[in-house]
Amino acid sequence: ETWRYAFEESMADVQGVYAQKFKDEIEANSDHEVQLFPYGTLGESADIMEQTQDGILQFVDQSPGFTGSLIPEAQVFFVPYLLPTDQEHLARFYRESEAINGMFKPLYADQGLELLNMFPEGEVAMTTKEPVNTCADLNEVKFRVMTNPLLVESYKAFGATPTPLPWGEVYGGLQTNIIQGQENPTFFLYSTKIFEVTDYITYAGHNNFTTAVMANKDFYDGLSADDQLVVQSAASAAYDHTVVYQAQAADIELAKIMEAKPEMVVTVLTEDERSCFKEAAVQVEAAFIEMTGDSGAKILQQLKDDLAATAN
Ligand code: 6CS
């Protein structure tokens with residue numbers, strides 16, 4: 001049987017590294033084949049999710065940045081400063097977290113999805129046309145965010161004018177000045193050439209990019225126990241492979257950006273400069289609870305407990 005797997009990035013990006021390892025493992029350990037559909041072959045993130053829910057695709061990688069519009073609790077990953085930037089801590093956290101592996105599973109199942117893994121893609125950087133040293137610098141900046149309400153709240157709280165857009169509109173939007181900023185992990189700034197249309201890269205430490213891989217649930221439930229095990233083992237092997245790969249990707253890709261564009265200004269905000277972003281985080285956390293009620297509050301608390309439990 002051939003299984004179809006779509007993701008939101010190209011083959012050489014972090015989601016592609018995961019997907020290729022997943023495919024290799026499935027094909028090495030079963031008679032099944034996995035056909036990969038990188039970004040640009042089947043549509044935007046929302047399209048590949050729909051195709052997976054419809055059973056046209058068996059597997060999909062869609063980030064909570066988009067799934068948040070389907071599963072409000074998935075927006076928890078956009079509470080600023082909730083996640084650490086330490087990649088080794090993150091690697092332990094996503095693997096062991098009860099909130100992710102226990103509490104999120106039934107929420108994804110309600111949407112017809114079997115959640116296989118969440119994994120980190122690296123610290124998120126803001127890229128803009130003007131310098132950002134504090135929240136005030138985001139005033140009047142139309143800042144592109146993925147399409148979820150909490151990310152909109154976040155950038156409002158940071159002082160910007162948030163503009164939710166699918167990925168395909170970001171490069172052109174920056175080029176034509178419809179937007180003047182966006183955020184993404186460093187590797188993505190290089191591979192998608194976003195560095196060409198922004199001049200400042202700013203690290204505020206406010207988030208790590210989280211993504212999620214899932215299967216169509218009817219498909220997964222219909223698999224034999226052996227095949228389910230093959231899928232779980234492939235997901236686990238792909239996870240281990242990807243967290244190691246991605247932990248070193250940011251530095252390597254930033255060096256490539258600097259080589260391609262030596263005049264790029266890269267700033268890591270000081271503690272002082274971060275204070276307004278950290279103050280805004282309190283408001284965003286409150287907005288998350290307001291949007292998701294008891295269910296969201298429990299997940300948020302469990303995530304915090306899981307982060308503490310995996311700290312070292
Ligand atoms: O910003 C986005 O829309 C995209 N960012 C990443 C790192 N992966 C996929 C997603 O579509």
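None of the figures in this text is laboratory data; all of them are computed from the coordinates on show. Everything numeric in this text was worked out from a predicted model, so none of it was measured. Using ideal geometry, Cβ is built from the backbone for each residue, glycine included, and neighbour counts are taken over all protein chains shown.
Observations, loosely collected:
- From least to most packed, judged by other beta carbons within 10 angstrom and beginning with the fewest, ILE178, ILE194, ILE201 follow the order ILE178, ILE194, ILE201.
- Calculated FRET efficiency for the pair LEU42/LYS278, C-beta based, R₀ 35 Å, to 0.05: 0.35
- Part-to-part distance (alpha-carbon centres) for the range 117-182 and the range 193-224, which is given in Å: 15
- Cα gyration tensor shape of the range 1-43, rounded if a/c is under 1.5, else prolate or oblate by comparing a/b with b/c: oblate
- Helical mean residue ellipticity (222 nm; -39500 (n - 2.57) per DSSP H run of 4+; nearest 500) of the chain: -14500 deg cm²/dmol
- Label-point separation, ASP226 to ALA247 (7 Å along Cα→Cβ), nm: 3.5
- Panel order for MET49, MET103, by other beta carbons found within 10 Å of each beta carbon, from fewest to most: MET103, MET49.
- In the range 1-52, the GluC sites (Glu not before Pro) that fall in loop regions by DSSP, at most 10 other Cβ within 10 Å: GLU1
- Taking a point 7 Å from the Cα of GLN111 along the Cα-to-Cβ direction, the residues of the range 217-246 with backbone N closer than 13 Å to it are 217.
- ASN177-SER233 FRET efficiency (beta carbon distance; Förster radius 45 Å; 0.05 resolution): 0.40
- Cα centroid separation, the range 35-80 to the range 266-312 (Å): 23
- Percentage, to the nearest whole number, of Cα pairs in the range 1-125 over 20 Å apart: 47
- Dmax and Rg, reported as Rg then Dmax, of the chain (C-alpha, Å): 18.8, 57
- Taking the DSSP bridge list for the chain and keeping only pairs wholly inside it, about 55 percent are antiparallel.
- DSSP H segments from the chain that extend 20 Å or more along their own axis, Cα-based, with Kyte-Doolittle mean of -0.5 or above: 225-247, 271-309
- Net charge contributed by nearby residues that have their C-beta within less than 11 Å of TYR5 (K/R +1, D/E -1): 0
- Using a Förster distance of 22 Å, the FRET efficiency for ALA260-MET11 (Cβ separation, nearest 0.05): 0.60
- Partners of LYS193 within straight-line reach, counting lysines whose Cα lies under 20 Å from its Cα and excluding those fewer than 8 residues away in the same chain: LYS129, LYS142, LYS256, LYS261.
- Diffusion coefficient of the range 18-73 by Stokes-Einstein, Kirkwood radius over Cα pairs, 37 °C, 0.692 mPa s: 263 µm²/s.
- Debye-formula intensities of the range 189-242, expressed as log10 I(q)/I(0) at q = 0.22 Å⁻¹, are -0.93 (one equal scatterer per alpha-carbon, no solvent).
- Of the peptides 73-84, 128-139, 154-165, the order by per-residue mean of other Cβ atoms within 10 Å, starting with the highest, comes out as 73-84, 154-165, 128-139.
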